[in-house]
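Undergrad: Got a structure for you, written out below as structure tokens; questions coming shortly.
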Amino acid sequence: MTISIKDRDADTKIRDLAALTGESITVAVRIAIEQRLRRESSRRRAGVASRLVERTDEDADGAIGYDAFGCPVSSKKNAPV
């Protein structure tokens, strides 16, 4: 497979990274992409959890149905089940 990078700055940076790490350009690109995917996935998961807490106006445990002690709560404002 071939990927054509038509951005001179991007091409220079990936070549610099490969030279710095001693990796091939392919390996340097693959590792950089894997790291970025993990970072973005973590950010998105954190954002979803944050929005869920904001939307439910509860702490993170309450938002997923458990109180601070790990006991299940009902949908009625943290009333024990």
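Bear in mind these aren't lab numbers, they're just calculated from the coordinates by the rules spelled out. Quick caveat: nothing in here was measured; it's all calculated off a predicted structure. Every residue, glycine among them, receives a Cβ derived from its backbone with ideal geometry; neighbour counts consider all protein chains shown.
Undergrad: In which sequence would 40, 23 go, from the one with the fewest C-beta neighbours within 10 Å to the one with the most?
TA: Arranged by neighbour count, lowest to highest, 40, 23 become 40, 23.
Undergrad: Per-residue HN-Hα couplings for region 27-43, Karplus 6.51 cos²θ - 1.76 cosθ + 1.60 at θ = phi - 60°, whole Hz, x for Gly and Pro?
TA: 5, 4, 5, 4, 5, 4, 5, 4, 5, 5, 4, 4, 4, 5, 4, 4, 4
Undergrad: Can you list residues whose amide H is under 5 Å from residue 66's amide H, if they're 5+ apart or on another chain and H is modeled 1.01 Å from N?
TA: Distant-sequence amide H within range of residue 66: 73.
Undergrad: Once phi is turned into θ = phi - 60°, what whole-Hz ³J(HN,Hα) does the Karplus curve with 6.51, -1.76 and 1.60 give for every residue of region 13-18, x standing for Gly and Pro?
TA: 5, 5, 5, 4, 4, 4
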